[in-house]
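One structure is given here, and the rest of the page talks about it.
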Amino acid sequence: MSVFSRFALRSLKRNRTRTIVSIIGVALSVALITAVLTSVVSLTSMLIERTASDEGWWYAEAAGITADDLERLQSDQEVTDLTVIADMGTISLGEDNSDIFGKYLYAKTWPHDLNASEPLISTPEIVAGRAPEAPGEILLPHPLQNAELAPCGLTATDGAPIEVGSRITLDLGTRTVTNREDGASVTATAIRGDYIDDNEQTETYTADLGQIEGTVVGFYRAYGYSSLYSLQGNIAYVYDDGSAIDRAITDDSAATWAGAIFRTANPADAEPLADEIINVHERTTDGASTAHTSLIRWMGVTPDTAIWNTLYQIAGILAAVVVIAGVSLVYNSFAISVAERTRQFGLLSSLGASRRQLRRTVLIEALAIGGVGIPIGIALGVTGCFVVFGLLGEGIAALSGGAQANVIVSPVALGIAAVLGLVTLLVSAWIPAIRASRVSAVDAIRQTQDVRLTRRARRAQRKAARRNASKTTERSLGLAGRIFGIPGFIAHKNLTRASSKGRVTVAALAVSVALLITSGS
């Protein structure tokens, strides 16, 4: 350790009060930055978790895939999770059942190869029984529980009401919707469903896709269908042994589709991959490729850049205010420290210390203070987040639809906070370090840079000296003296002659008030 390093550390030990105040200032600055970054990471994680719990962890979907498309996705190194869901056809419930259950029921394969911790698809809530676990098991919407249907495409083998354990038969077919005006037609599926207006469109149904026989193992909560427009309808989920997906991929029926739902290592790569797969076959069907924008937008991947630009601007303004407040607070401590030790620096300069060595002395003090203050600030910031989130957890959950806001300690966020704290510290100490290195030995000992009279004060002194050269007169206390007495007069003179200290204190106080107002807004 060099002589000047030991001198810097010895100065910190001798001036314990100022050192403690400086450490507290650094710690508070870093704590605020840490709290802001940790809160952003935690709230973003909460939004991601809430969206994924409602909609699944998938990033993109490619509907109507072929065998080559499936092989491409399975072999792609960027694809981390993949599941395939097939539309098996449409089941007509008939006009007699339509008022209660809707006109149609769609058959889809039940996803059974999902990641347990982060499933690609959010499966519906099961209100009775269980999910399908083996071939031949079927999950129906809860309105059909204990229902006795008029003759239609869904029949119970024993003719009894449908319940858990019932054996049923599903007649699969094709639903075609035709525009009255131009005669254009489209095959409606659960993947590609349309609202139907009887005044503008007609529809036909053909049971041409065979039958499925199975056992009802449960009922899921369904949210019904539109009474004004016959939306896709509810869904019957069937456990598939692979044959239904193979059929949907290979047959020519427009009513059977296979959709690949997947996740990539980088969320930004998912949608281009889905578009690439669809565009290879020049398919232009609406919904053929879909990005899970409601999820990946919280990961920073969204075509709507205006949202993130606004958020970045707000975050940038807050960060700037925090950094400025931190710089002013720490700079205040170092500036006063250097001003009080100007004579020491002058003596060192007279003994041969170079400007570089004097600057290094102040910067070593800054690094020593940062070595203690930055870890304390990070700990305070994280602790503050735990306290605030613990107190406001229920309110945040209510605003976010029930999602729990847990504190996420991100190493990246802590690293950024530490770097910003170090930068703030070095910027704060740099100007006092330059000031300490530039003063000459004689000026430092006389402290001419710290104690300066304004031009107005010097003119007043000269006039008073000429006017009262031969007699002694009573000195006016001035406005500050008349209001606050002798202490006010002395304080005013001190600020007049050492204006740098006053400016630093006023600037720090102004920035602190601005920070409070900005945070409160």
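Worth pointing out:
- Residue match in region 163-172 (condition: part of a loop (DSSP other than H, G, I, E, B), polar (S, T, N, Q), without any contact (Cβ under 8 Å) to a residue 60 or more places away in the chain and surrounded by 17 or more Cβ atoms within 10 Å (Cβ to Cβ)): yes
- For region 175-189, the criterion of being closer than 30 Å to Ile261 by Cα, basic (Lys, Arg), part of a strand (DSSP E or B) and modelled with pLDDT of 85 or more is met by at least one residue.
- Residue check for Gly102: in contact with a Leu (Cβ under 6 Å, 6 or more places away or on another chain) and either crowded, with 21+ Cβ neighbours inside 10 Å or polar (S, T, N, Q) (or both): no
- Selection of region 242-274 for residues being over 19 Å from Thr189 (Cβ atoms), assigned to a loop (DSSP other than H, G, I, E, B) and either at pLDDT 85 or above or aliphatic (A, V, I, L, M) (or both) yields Ala265, Asn266.
Residues checked against (1) free of Cβ contacts under 8 Å to residues at least 12 places away in the same chain; (2) among the basic types (Lys, Arg):
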residue	(1), (2)
Val3	yes, no
Leu12	no, no
Arg50	no, yes
Asp69	no, no
Asp81	no, no
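- Criterion: at pLDDT 80 or above, surrounded by 13 or more Cβ atoms within 10 Å (Cβ to Cβ) and on the phi < 0 side of the Ramachandran plot - qualifying residue of Ile196, Ile235: Ile235
- Restricted to helices (runs of 4 or more DSSP H) entirely inside region 1-90, those with at least 2 residues that are touching a Phe, Trp or Tyr at 6+ places or on another chain (Cβ under 7 Å) are 16-55.
- Residues of region 197-213 satisfying the condition of being more than 14 Å from Leu172 (Cα to Cα) and either of a type in the set (Phe, Trp, Tyr) or in contact (Cβ under 8 Å) with a residue 24 or more places away in the chain (or both): Asp197, Gln201, Thr202, Glu203
- Restricting attention to region 12-54 and to residues that are buried (at least 19 other Cβ atoms within 10 Å of the Cβ) and among the polar types (S, T, N, Q), the residue that is nearest to the chain's Cα centre (by Cα) turns out to be Ser42.
- Every pair of residues 6+ apart whose Cβ atoms lie under 6 Å, when the first sits in region 404-415 and is closer than 13 Å to Ile33 by Cα while the second is modelled with pLDDT under 90 and crowded, with 19+ Cβ neighbours inside 10 Å: Ala413/Leu37; Ala413/Thr38
- Residue count, region 357-387 (criterion: farther than 15 Å from Ser29 by Cβ and either without any contact (Cβ under 8 Å) to a residue 60 or more places away in the chain or surrounded by fewer than 16 Cβ atoms within 10 Å (Cβ to Cβ) (or both)): 4
- Residues of region 88-113 satisfying the condition of being touching a Gly at 6+ places or on another chain (Cβ under 8 Å) and either at pLDDT 85 or above or of a type outside the set (Lys, Arg) (or both): Gly89, Thr90, Ile91, Ser92, Leu93, Gly94, Gly102, Tyr104, Leu105, Tyr106, Ala107
- Unmet requirement for Thr155, which otherwise passes all of (1) assigned to a strand (DSSP E or B); (2) without any contact (Cβ under 8 Å) to a residue 24 or more places away in the chain; (3) of a type outside the set (Phe, Trp, Tyr); (4) loosely packed, with under 15 Cβ neighbours inside 10 Å: (4)
- Pick from region 404-421, criterion over 30 Å from Glu394 (Cα atoms) and in contact with a helix residue (DSSP H, G or I) (Cβ under 6 Å, 6 or more places away or on another chain), ranking: modelled with the highest pLDDT: Ala418
The values are calculated or read from the model by the stated rules, or taken from the named source; none is laboratory data. Values in this document were obtained by computation on a predicted structure and should not be read as measured data. Because the Cβ atoms are built from the backbone with ideal geometry, glycine has one as well, and the counts that use them run over all protein chains shown.
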